[in-house]
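This report concerns only the one structure given below.
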Amino acid sequence: RIWNGFRRLVAGALAAAMLLTPASQGAYAQRAPGQPVNPVEDFDPPARVGRVGYISGTVSYHTLDMEVWERAVLNLPIKAGDTFWTEPESRAALPFGAAVIRMDRETEVGVEVLDDRAAEFQLTRGTMNFRLRWLERDETYRVATPDGAIEFTRPGRYHIDAYDDGRPSRYDVIEGEAELFV
């Protein structure tokens, strides 16, 4: 009984606080030009998000502000600037809305852009299988490699191999359609 009463009290306090915040009173439109952005009130998350959906073996990641690699865990949120690495005999799957990146062993993938209209990835080395279930109008999915890039123009399944030793990358369209930029 005490716990339920405490939960109701906290829920009521949170609801009251939300009603009294400037954000709920239209603060987004009322900010004057040149006024500093309030990260709490002015944050508009992108519609497209990513996460670590599958791990087999050891998968590491780092963000732009990290100096060392850390072990990735399931459901870790993914944002632009994150880079992932699979150790030998390891694999990972990174879902991003309509798309899924499946990383094979010894693969490095960086998230370059991830917003409402574009998702761009950098396959530095290794093997990636890319699945795109749907593609909205004016939406872009692209994977760059050391010697080119592929932009997906239709839903489908794609296989990409990238090498950091000078060999040319390999792009396979299993199903779908894409443009290659070399």
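The values are calculated or read from the model by the stated rules, or taken from the named source; none is laboratory data. Because the structure is a prediction, the values reported are computed rather than measured. Here Cβ is always computed from backbone atoms with ideal geometry, including for glycine, and neighbour counts include all displayed protein chains. Surface accessibility is based on the protein's heavy atoms, side chains included, excluding ligands, DNA and RNA. Shrake-Rupley method; radii C 1.70, N 1.55, O 1.52, S 1.80 Å.
Scan GLU136, GLU179 and give me the residue that is of a type in the set (D, E, K, R), open to solvent by 80 Å² or more (accessible area, probe 1.4 Å) and modelled with pLDDT under 95. Full working, then the answer.
Working: GLU179 fails: modelled with pLDDT under 95.
Residue meeting the stated conditions: GLU136.
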Exactly one of these conditions fails for ALA98: (1) over 12 Å from HIS62 (Cα atoms); (2) modelled with pLDDT of 95 or more. Give me its number.
(2)
Matching residues in region 55-74 - criterion: being modelled with pLDDT of 95 or more, open to solvent by 50 Å² or more (accessible area, probe 1.4 Å) and under 20 Å from GLU120 (Cα atoms):
none
Modelled with pLDDT under 65 and under 24 Å from LEU114 (Cβ atoms): does that describe TYR28?
yes
Residue check: is GLU89 open to solvent by 30 Å² or more (accessible area, probe 1.4 Å), acidic (Asp, Glu) and under 19 Å from GLY148 (Cβ atoms)?
no
Scanning region 139-158 residue by residue, those closer than 17 Å to LEU94 by Cβ and open to solvent by 40 Å² or more (accessible area, probe 1.4 Å) turn out to be ARG142, ARG157
Inspect region 112-121 for any residue being of a type outside the set (Val, Ile, Thr), at pLDDT 95 or above and closer than 19 Å to ASP172 by Cα and give the result as yes or no.
yes
Would you check if there is a residue in region 151-164 being over 16 Å from the mean Cα position of the chain (by Cα) and modelled with pLDDT under 95?
yes
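Quick one: count up the residues across region 151-172 that are of a type in the set (Val, Ile, Thr) and under 14 Å from THR127 (Cα atoms). Write out each step before concluding.
First pass over region 151-172, keeping only residues of a type in the set (Val, Ile, Thr): 153, 160.
This time we only want the ones that are under 14 Å from THR127 (Cα atoms), so: 160.
Of the residues in region 151-172, 1 are of a type in the set (Val, Ile, Thr) and under 14 Å from THR127 (Cα atoms).
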Within region 112-125, which residues are crowded, with 20+ Cβ neighbours inside 10 Å and closer than 16 Å to ILE150 by Cβ?
ALA119, PHE121, LEU123
Take GLU106 and tell me if it is over 13 Å from the mean Cα position of the chain (by Cα), on the phi > 0 side of the Ramachandran plot and open to solvent by 60 Å² or more (accessible area, probe 1.4 Å).
yes
